[in-house]
Amino acid sequence: MLPLNQTAGYAVLALGLMPDPGNQPVLVRDIAEAAEIPKPYLSKLVHQLAARGLIYTRRGYKGGVTLARPAAEITLVEIVEAVGGHPIKYPCVLGLSECSEERACPLHDFWSQTIERVHKKLAETTLADTAKFHCEQRALEQMLLRPSDWKPSSSGRQCAGPSVPVKTETAHISSSMNTAPQKSKVK
């Protein structure tokens, strides 16, 4: 009943693959491919996210996108509101058009409290938190699916930074998220 829409999900996924400020920008087409998001759709999202100040875009040679702030400083509520264009609001749970504080349906208080809790949790959860979750899930999948291939990273963490293929070589971006391991091409 309360899941975020697909646009918000795509935005979180794409932002999780973008490097923190000061790192080499990543091309939108590379993010689209890595996240399996249609490129035209992602291009529109990138414009929305840039307009809301969540990402920087740079054209030309060595161009691409980066986060405007570190992933640990970007909340999910900011992302959802950036792609929705307005603060998060949910209509009456019963679908009544006249439900309000003045004329409340039988579930109004419950629904208002639930929405408040969801909004608070989205405001407390950062992009880095979601990246950490994905990273841990991927590490677990690697251990279960290919236990002989799985090794912790040299830093002692089970999850190194994600990688998104870019123009020349694979670039490691945002130390807070991981994608599936890249297979090297043998010539």
Name the helices (runs of 4 or more DSSP H) wholly inside the range 15-117 in which the number of residues that are modelled with pLDDT of 90 or more and more than 17 Å from Thr130 (Cβ to Cβ) is 2 or more.
-> 28-35, 39-51
The residue that is nearest to Leu76 (Cα to Cα), considering only those in the range 93-109 that are hydrophobic (A, V, I, L, M, F, W, C) and in contact (Cβ under 8 Å) with a residue 12 or more places away in the chain, is Val93
Among all residue pairs at least 6 apart or on different chains, which show Cβ distances below 9 Å where the first residue, located in the range 28-41, is without any contact (Cβ under 8 Å) to a residue 24 or more places away in the chain and surrounded by fewer than 17 Cβ atoms within 10 Å (Cβ to Cβ) and the second is of a type in the set (Asp, Glu) and in a helix (DSSP H, G or I)?
-> Lys39/Glu33
Quickly run through the range 118-132 and pick out the residues that are at pLDDT below 90, under 27 Å from Val93 (Cβ atoms) and surrounded by 16 or more Cβ atoms within 10 Å (Cβ to Cβ).
-> His119, Thr130
Are there any pairs with C-beta distances below 9 angstrom linking a residue in the range 6-18 that is at negative phi and without any contact (Cβ under 8 Å) to a residue 24 or more places away in the chain to a residue that is surrounded by fewer than 24 Cβ atoms within 10 Å (Cβ to Cβ) and assigned to a loop (DSSP other than H, G, I, E, B), with the two at least 6 apart or on different chains, and if so which?
-> Gly9/Pro3
Give just the number: which of (1) surrounded by 14 or more Cβ atoms within 10 Å (Cβ to Cβ); (2) out of contact with any strand residue (DSSP E or B) (no Cβ under 6 Å at 6 or more places or on another chain); (3) closer than 30 Å to Ser43 by Cα does Cys92 not satisfy?
-> (3)
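The values are calculated or read from the model by the stated rules, or taken from the named source; none is laboratory data. This one's a predicted model, so the numbers in the text were calculated from it and none came from an experiment. Glycine also receives a Cβ, built like all others from the backbone with ideal geometry; neighbour counts cover every protein chain displayed.
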